[in-house]
Amino acid sequence: MPFTEKLLTARPLLEVGGRRLKRYHVTADPAGIAPEVEAAAYALLPDLLPEPDGTPGAGFVVLHRGGDDGAYLNAYTWAWDNALHFAGAAAGQPALGCPDDDPTRFVRIERSLIGCVWELPPLLHERDAWVRHVLAADPPDLDAYLLDTLPDGTTGDRP
């Protein structure tokens, strides 16, 4: 089967553990990610966030529904002012330590994977938005950062 880009949509902000997180969903299904998969993923999200370190409480998550039974949650939070902390979880993917193929049974991934080709597009945008609105702005504007998301579209063919 040839490679095909997937749909990427920005979802409303989520506040978890004192952090405001941008949300991106990735799926091949135009109907989006099933509500039960989304709810199960975000229920585990607090366990993926690091302790605060004084950096403004912000970051972003990528929830990806794979073409098989897999679902993946990548949590990226800003740390040390200019670095990203990463933690991930998966469901329905026994190769990553999931107990079965149920896309709602998320478990934390302990392997050093940061995302697949469909999950990576937000990284460059979020890096540039953090620099533009927080690091290079005087004064820093966290609200502007949180409003600056990738437009809905596909995971590829982005400027």
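The values are calculated or read from the model by the stated rules, or taken from the named source; none is laboratory data. On a predicted model such as this, the values are computed, not experimentally measured, just so you know. Methodologically, a virtual Cβ is constructed for each residue, glycine included, from the backbone with ideal geometry; neighbour enumeration extends over all protein chains shown. Accessible surface is based on the protein model in full, side chains and every heavy atom, while ligands, DNA and RNA are left aside. Shrake-Rupley method; radii C 1.70, N 1.55, O 1.52, S 1.80 Å.
Quick notes
- The order of C116, C98 by accessible area, most exposed first and with a 1.4 Å probe, is C116, C98.
- Within the chain, longest stretch free of exposed chymotrypsin sites (Phe, Trp or Tyr not before Pro) [DSSP loop, at most 12 other beta carbons within 10 Å]: 81-159
- Proximal charge balance of L63 [Cβ under 14 Å; K/R count +1, D/E count -1]: +1
- If both residues of a DSSP beta bridge must be in the chain, then about 80% of such bridges are antiparallel.
- Between A95 and I114, full extension at 0.36 nm per residue minus the direct alpha carbon distance yields a gain of 5.3 nm.
- For the chain, adding -39500 (n - 2.57) for each run of n ≥ 4 DSSP H residues and dividing by the number of residues yields -4500 deg cm²/dmol at 222 nm.
- Zone of D81's modelled label, taken as backbone nitrogen in segment 1-37 under 15 Å from a point 7 Å along Cα→Cβ: none
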